[in-house]
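The structure under discussion appears below in the form of C-alpha cells.
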Amino acid sequence: MPDPIDFYFDFSSSYGYFASTKIDELAARYGRRVNWNPILLGVVYKIDHELEVLTLPLKGPYVVRDIARSARFHGIAYKHPSRFPIPTVAPARAFYWANERDPALARKLARSLYHAYFVQDRDISSRDITADVAAAVGLNRDEVLAALNDAAIKNMLRQK
C-alpha cells in the first residue's frame, strides 16, 4: 500500500475545514489512507513571525470573501464564525485522545468540531463545548475533559 497522506490542520482554519470534507475521499481514490494531525497555527505564526492575515488592510477582508466563495464553490456548508480565529488547544487535544482509542471516531469528532464551529458558530475553544461535541459523537464527556489536562495528550500536540 502506498504511503499515507499526512493531513495537518487547525480547527480554526476554514481551509482546513474544507479540506477535511474531501481528504479521505481523495485518498481512497488513489488507494491511500490519511493520518489526521491537528496542529496549532497560532504557534506556527508566532514562530514564523507572521502577522494574523485578517488584520492586514485589504488582505483581511479579501480572505473573508475568499473563504465564503470557496465554501460555495465546493458546496460546503459554512457560516463565518462570530469569533474568528480561536485558540484550538482543547479540540486538538480531544482529537488526539480520541485517536488513541478509535481513529475512525476521532475523524468523526474532528468533522463534528469543524461543523460546530463553521456552521453552528459554537466556540469550540471552550473545553465544555469541545466535550459536548465529543459526547454527541459517542465519547464520554468526563473522560474527554480529563484528557484535556493529560500530560501525554499535551505532549502529542507539542510534537506536531
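A few comments on the model shown:
- So residue 47, is it at pLDDT below 95, within 14 Å of residue 16 (Cα to Cα) and out of contact with any helix residue (DSSP H, G or I) (no Cβ under 7 Å at 6 or more places or on another chain): no
- Per the conditions (1) at pLDDT 95 or above; (2) open to solvent by less than 60 Å² (accessible area, probe 1.4 Å), the sole criterion not satisfied by residue 54 is (1).
- Condition broken by residue 121, with the remaining ones in (1) assigned to a helix (DSSP H, G or I); (2) out of contact with any helix residue (DSSP H, G or I) (no Cβ under 9 Å at 6 or more places or on another chain) satisfied: (1)
- Scanning the range 73-83 turns up at least one residue that is outside any loop (DSSP other than H, G, I, E, B), farther than 16 Å from residue 11 by Cβ and open to solvent by 30 Å² or more (accessible area, probe 1.4 Å).
- In the range 121-132 there is no residue matching the filter, namely being closer than 25 Å to residue 6 by Cα and open to solvent by 40 Å² or more (accessible area, probe 1.4 Å).
- Members of the range 133-144 found to be free of Cβ contacts under 8 Å to residues at least 40 places away in the same chain, surrounded by 15 or more Cβ atoms within 10 Å (Cβ to Cβ) and assigned to a loop (DSSP other than H, G, I, E, B), listed by number: 137
- Failed item in (1) open to solvent by 50 Å² or more (accessible area, probe 1.4 Å); (2) assigned to a helix (DSSP H, G or I); (3) in contact (Cβ under 8 Å) with a residue 12 or more places away in the chain, with residue 114 passing the rest: (1)
The values are calculated or read from the model by the stated rules, or taken from the named source; none is laboratory data. Computed from a predicted model, the values in this text were never measured in an experiment. Cβ atoms come from the backbone with ideal geometry, glycine included; neighbour counts cover every protein chain shown. What goes into the accessible areas is simple: the full protein's heavy atoms, side chains included, and nothing from ligands, DNA or RNA. Shrake-Rupley method; radii C 1.70, N 1.55, O 1.52, S 1.80 Å.
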